[in-house]
1. What number of residues within region B:1-32 satisfy the criterion of being touching an Asp or Glu at 6+ places or on another chain (Cβ under 8 Å), small (Gly, Ala, Ser) and part of a strand (DSSP E or B)?
2. Being in contact with a Leu (Cβ under 8 Å, 6 or more places away or on another chain) and of a type in the set (D, E, K, R) is the filter; apply it to region B:56-109 and report the residue that is surrounded by the fewest Cβ atoms within 10 Å (Cβ to Cβ).
3. Looking at region A:43-63 only, could you name the residues that are open to solvent by 30 Å² or more (accessible area, probe 1.4 Å), in a strand (DSSP E or B) and at pLDDT 90 or above?
4. Select from region B:56-109 the residues that are hydroxyl-bearing (Ser, Thr, Tyr) and over 18 Å from B:ALA16 (Cβ atoms) and list them in ascending order.
5. If you take the residues in region A:64-97 that are at the interface with chain B (Cβ under 7 Å from one of its Cβ atoms) and touching a residue at least 40 places away in the same chain (Cβ under 8 Å), which one is surrounded by the fewest Cβ atoms within 10 Å (Cβ to Cβ)?
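The values are calculated or read from the model by the stated rules, or taken from the named source; none is laboratory data. Just so we're clear, the structure is a prediction, and the values are computed from it rather than from any experiment. For neighbour counting, all protein chains shown are included, and Cβ atoms are generated from backbone atoms with ideal geometry for every residue, glycine included. Side chains included, ligands, DNA and RNA excluded: accessible areas come from the protein's heavy atoms. Shrake-Rupley method; radii C 1.70, N 1.55, O 1.52, S 1.80 Å.
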Amino acid sequence: MEFTRRDTLALGLGAAALAVLPISAYATTEAATLAFTGGADVAEGGVDLTAPEIAENGNTVPVSVAAPGAVAIMILATGNPDPNVVTFNFGALSASTAASTRIRLAGTQDVVAIAKMADGSFTKASKQVKVTIGGCGG
Amino acid sequence: MASGVKPRVKVPKTAAAGSAVTLKTLISHKMESGRRKDKQGNVIPRSIIHRFTCEFNGAMVLDVAMEPAISTNPYFEFEATVPEAGDFKFTWYDDDGSVYDTSKSIKIA
């Protein structure tokens, strides 16, 4: 098969689109992480993220986070149109740096929790949640 | 002000001084994400509660920044230290500028 100039162009465009798409979805999560950490290194572990393995209804998925010694914990839903979910800032009278809430998930995806420690370091944990019915309208 | 907003909180009536108590809060709010469409295909504008705070006698316990990915009727559960008798003050900040608040007092047993 011979490639005409037009075919080559089309192929190139298709390949470029394929390459860019996953990156752009990833980049918003990256941007949200960057906004929270300010570019600091994020270590693994040190955060307890509890979420169901399978959530039947993406409209209310119970999640809880706990990170001993944290001053703030951010939750990100990497597969949502907007990955930002919630940020807990713990005050002086907070007994345990843990909190629970209910979130919306658009589909099966990884939920990420990033904790900011008192010494300024960051740690994270992630968990995959399978969602049967998405929770972002449509 | 969005209609039918009713905050509900669960705080123990008494606690030992310096101990930790679990607080549960729920507020009825539709938390419109700004991504849904109505039958005509028009986007329903975003209308959420974007911030929640809990204070005890003026000292911050928890300050939560919320995005549209928080479910309808936002629910939070967390723990607070109770150094002395006093009042917990819970405040929710709506996108439309409304502020909903409620408070509960706790005694030292």
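1. So the count comes out to 1.
2. B:GLU77
3. Answer for region A:43-63, where residues must be open to solvent by 30 Å² or more (accessible area, probe 1.4 Å), in a strand (DSSP E or B) and at pLDDT 90 or above: A:ASP48, A:THR50, A:ILE54, A:PRO62.
4. Those that are hydroxyl-bearing (Ser, Thr, Tyr) and over 18 Å from B:ALA16 (Cβ atoms): B:SER71, B:THR72, B:TYR75, B:THR91, B:TYR93, B:SER98, B:TYR100, B:THR102, B:SER103.
5. In this case the residue turns out to be A:PRO81.
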